[in-house]
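The values are calculated or read from the model by the stated rules, or taken from the named source; none is laboratory data. Every value quoted in this text rests on a predicted model; they were computed, and no experiment measured them. Note: ideal-geometry Cβ built from the backbone for every residue, glycine included; neighbour counts use all protein chains shown.
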Amino acid sequence: MALNNWLNSHKSYRFQLRWGLMGCLALVLVAIITGPYSEHIEFLPDETRGWYYWQLPEPSTWAFITAWVGYAAHQLFHWWIIFRARQAHHKEGMGYTSGLHPINVLALVGNAFFIGLHILQTKLFYDGLAQTVSVWSSQFSVIFLLVVVLIMENPRRGLFFGKRVPIKQTVVTCLKRYHGYYFSWAILYTFWYHPIELTPGHLLGFFYLFALLLQGSLMFTRSHRNRYWTVFLESFVLIHGVVVAYLSPLQGWSAVAMFFTGFLSMLVVTQIHGLGLSQRVVGSIIIGYVLVLLGLIGSGVMSWQQPLRIPFGEYGLVLIVSLLLWGALALIARGRVQLRTETG
């Protein structure tokens, strides 16, 4: 009862994004201090692209139970937070604020608790969800998250150098209304998929996930809509992808160049055009981008096709997802009309 009264109150708590980022760094530091996690484990050799290296050579029942129960509890908690926040926004008039609503405070505290729980779970049992599900499911969950962002932002910043593509407004409205539930699943599923590890790639990845969880805890705040912050979240995958590719024994400089130029292309072609930058600044960025590409291609580090692979994949998925969702929404709308006709 007391919790419900507090959540229903119109209190506002001071907040700045840099405090949230400091909290993300603090959680990474906790993970580092709690380690090491796998010194006693002799991993199976990493031989194929579809193989996930960071898992026990023999599955453990307790690792399976603790990973899935921890993930399920975290997921249900965060979905409830989103539902409760949307309910307060629509029924109780909770508006956007420069600070934090009580529901935001509860989300931040709850997510910090579950992050600590996963750190402890890794320390004791190690395995995440990786023993049960494919590594591709984790990777594609985040890829589709980025695709949904591109669709939602199309009316505001366009898709190609500030130019919009004709995506149905019903699709954009649907994604804006319900994207939180999918984003929550993609982030938490990926977080619990991996055990906590201390490699640079893991630590960067967990910092990124913590930052995304921070964003997912700031619903109905002005920070949630801060465009520099959201572009930082979109483009951080460039840093993470480059570092992971560089550290992977199965990938060389070609893969590093592909991730770097691919996500840099997304930044230059789409993401910077929602920041309100002057034409001179945007033009300078584009010129610098072209010079970087010419230098890398001319030096033989990569071919001209490599900078296109990631953008072609992302923009292609924008088209596919938009069309499929538009078709699904049209069928649902038609079904509702038929139902009203039959019952009327």
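With the condition kept exactly as written, say whether any residue in region 165-180 is surrounded by 18 or more Cβ atoms within 10 Å (Cβ to Cβ), part of a helix (DSSP H, G or I) and free of Cβ contacts under 8 Å to residues at least 60 places away in the same chain. Looking for residues that are surrounded by 18 or more Cβ atoms within 10 Å (Cβ to Cβ), part of a helix (DSSP H, G or I) and free of Cβ contacts under 8 Å to residues at least 60 places away in the same chain, one finds at least one in region 165-180, hence yes. Do the conditions hold for Thr230, that is, is it over 17 Å from Leu25 (Cβ atoms), of a type in the set (Val, Ile, Thr) and either modelled with pLDDT under 95 or more than 15 Å from the chain's Cα centre (by Cα) (or both)? Considered against the rule, which asks whether it is over 17 Å from Leu25 (Cβ atoms), of a type in the set (Val, Ile, Thr) and either modelled with pLDDT under 95 or more than 15 Å from the chain's Cα centre (by Cα) (or both), Thr230 comes out as no. Pairs meeting the criteria (first residue in region 57-83 and among the hydroxyl-bearing types (Ser, Thr, Tyr), second residue surrounded by fewer than 17 Cβ atoms within 10 Å (Cβ to Cβ) and assigned to a helix (DSSP H, G or I), beta carbons under 8 Å, at least 6 apart or on different chains) are Thr66/Leu124. Among the residues making up region 215-235, those that are in contact (Cβ under 8 Å) with a residue 60 or more places away in the chain and surrounded by fewer than 16 Cβ atoms within 10 Å (Cβ to Cβ) are Arg222, Arg225, Asn226.
Just one of the listed residues (Trp62, Trp79, Trp6) is in contact with a helix residue (DSSP H, G or I) (Cβ under 7 Å, 6 or more places away or on another chain), over 30 Å from Val244 (Cβ atoms) and of a type in the set (Phe, Trp, Tyr), and it is Trp6.
When you look at Ile119, is it closer than 20 Å to Phe64 by Cα and surrounded by 15 or more Cβ atoms within 10 Å (Cβ to Cβ), yes or no? In short, yes. Whether a residue is within 30 Å of Val142 (Cα to Cα) and surrounded by 12 or more Cβ atoms within 10 Å (Cβ to Cβ) was assessed, and Val290 does not pass this test.
If Trp62 satisfies every condition in (1) at pLDDT 95 or above; (2) closer than 30 Å to Gly180 by Cβ but one, which is the exception? If we test Trp62 against (1) at pLDDT 95 or above; (2) closer than 30 Å to Gly180 by Cβ, just (2) comes out false. If you check Val242 against the conditions, is it closer than 25 Å to Phe206 by Cα and without any contact (Cβ under 8 Å) to a residue 60 or more places away in the chain? The answer is yes for Val242.
Exactly one residue out of Leu325, Leu293 is assigned to a helix (DSSP H, G or I) and either more than 22 Å from Leu159 (Cα to Cα) or touching a Cys at 6+ places or on another chain (Cβ under 7 Å) (or both): that is Leu325.
Residue pairs whose Cβ atoms lie under 8 Å apart, sitting 6 or more positions apart in sequence or on different chains, and linking a residue in region 108-131 that is without any contact (Cβ under 8 Å) to a residue 40 or more places away in the chain to a partner that is surrounded by 16 or more Cβ atoms within 10 Å (Cβ to Cβ) and assigned to a helix (DSSP H, G or I), are Gly110/Phe77; Gly110/His78; Gly110/Ile81. Hey, could you check region 72-83 for residues that are over 14 Å from Gln215 (Cα atoms) and buried (at least 17 other Cβ atoms within 10 Å of the Cβ) and say which is farthest from the chain's Cα centre (by Cα)? Checked region 72-83; the qualifying residue farthest from the chain's Cα centre (by Cα) is Phe77. Residues in region 233-285 that are of a type in the set (Gly, Ala, Ser) and either at pLDDT below 90 or outside any helix (DSSP H, G or I) (or both): 8 in all. Scanning region 97-137 for residues that are in a helix (DSSP H, G or I), of a type in the set (A, V, I, L, M, F, W, C) and either modelled with pLDDT under 95 or within 20 Å of the chain's Cα centre (by Cα) (or both) yields a total of 12.
Residues of region 42-71 that are surrounded by fewer than 15 Cβ atoms within 10 Å (Cβ to Cβ), part of a loop (DSSP other than H, G, I, E, B) and of a type in the set (A, V, I, L, M, F, W, C): Phe43, Leu44, Trp51. Of all residues in region 88-96, one or more are surrounded by fewer than 16 Cβ atoms within 10 Å (Cβ to Cβ), assigned to a helix (DSSP H, G or I) and more than 26 Å from the chain's Cα centre (by Cα). Once region 296-322 is narrowed to residues that are surrounded by fewer than 18 Cβ atoms within 10 Å (Cβ to Cβ) and outside any helix (DSSP H, G or I), the residue that is nearest to the chain's Cα centre (by Cα) is Gln305.
Within region 256-281, the residues that satisfy the criterion of being aliphatic (A, V, I, L, M) and in contact with a Phe, Trp or Tyr (Cβ under 8 Å, 6 or more places away or on another chain) are Val256, Leu264, Val268, Val269, Leu275.
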